[in-house]
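These notes concern the structure reproduced below.
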Amino acid sequence: MEIEEMQALWSEMSDRLEQQKKLTNEIIMNMTQERYSNKFRTLSTYETFGALFCFLIALGILVNISKLDTWYLMICGIITLLFLIVLPTLTLRLLGRIRRFNIIDKSYKEALIGFQKAKKNLLILQKSAIYASFVIMFTASAVFAKIIGDKDFFLIDRGIKEYLVFAFAIAFVFFISRWGFRSYGKVTSSAENVLNELE
């Protein structure tokens, strides 16, 4: 075999190895993108059902808004409606953005910086929702007391039983909110670990 033939053969093998390496890298990146996106699949499903539930409740309030016959009940109704419509919409948008985040077309550093920004925005929204949920618990109680029972929440005489129900509701919201926030933290950390594997 002449030197020219060996060089041609070597060059051809080198090209094939390079193509194989590119193909392998492409497969690895696609698998990583899929693993990353799957981290948010369950969370997205829960949030979608939660958003639909919130929208149905908001629709129920809108249909009965004329029953809120005082200015303060109307304000409670508007605050509750805003919470039920805006928060799920923002959550789904941010969750969709972080889930569809394209890591294939970015360098490792760009992907990590972009992910960190999306993660921070999502977790800030979740923290804000936790604090807002305590306010909404009272505004929604006022709205539903009027719509369902035709009672003014702020003028009802309360006994020990009602205060115990409030205490239980506050504790329930606290623990559910804490559990939800931790779930978001675990999912985003798990997705970040997938990105760190690219390093």
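Bear in mind that the values in this text are calculations on the coordinates, not laboratory data. Only a predicted model underlies this, so the values are computations on that prediction, with no experimental measurement involved. For neighbour counting, all protein chains shown are included, and Cβ atoms are generated from backbone atoms with ideal geometry for every residue, glycine included.
Count the net charge of all other residues whose Cβ sits under 13 Å from the Cβ of Arg35, scoring Lys and Arg as +1 and Asp and Glu as -1. Every neighbour counted, the sum reads 0. Legend: distances between Cα atoms for Lys39/Lys106; Lys22/Lys186; Lys120/Lys146; Lys39/Lys127; Lys109/Lys186; pairs beyond 30 Å are Lys22/Lys186; Lys120/Lys146.
Using 0.36 nm per residue and subtracting the Cα-Cα separation, the extra length available between Ile130 and Glu4 on full extension is 38.1 nm. Estimated from the Cβ-Cβ distance and a Förster radius of 35 angstrom, the FRET efficiency linking Ser189 and Tyr163 is about 0.35.
The candidate values are (1) 33, 18, 15; (2) 56, 16, 11; (3) 26, 18, 17; the one derived from this structure for semi-axes √(5λ) of the Cα gyration tensor in Å carries the label (2). Mean separation of Cα pairs under 8 Å and 6 or more residues apart, divided by the residue count, gives the chain a relative contact order of 29 percent.
Averaging Cα coordinates gives a centre for the range 82-148 and one for the range 171-199; these two points are 13 Å apart.
A straight chain from Phe181 to Lys106 at 0.36 nm per residue would run longer than the Cα-Cα distance by 24.1 nm. Note on Ala171 and Tyr72: the extension gain reaches 33.1 nm, defined as 0.36 nm multiplied by sequence separation minus the Cα-Cα distance.
Listing Asp157, Asp152 from fewest to most neighbouring C-beta atoms within 10 Å gives Asp157, Asp152. Listed by Cβ neighbour count within 10 Å, with the fewest neighbours leading, Phe40, Phe172 appear as Phe172, Phe40. With a simple spin-label model that places each label point 7 Å from the Cα along the Cα-to-Cβ direction, the separation between Asp152 and Lys117 comes to 5.1 nm.
Scan the chain and note any complete DSSP helix (H) whose C-alpha atoms cover at least 20 Å along its axis and whose Kyte-Doolittle average is 0.5 or more. Those that clear 20 Å and a mean of 0.5 are 41-63, 71-99, 108-149, 160-196.
When Val63, Val194 are arranged by Cβ crowding within 10 Å, least crowded first, meaning fewest neighbours, the order is Val63, Val194.
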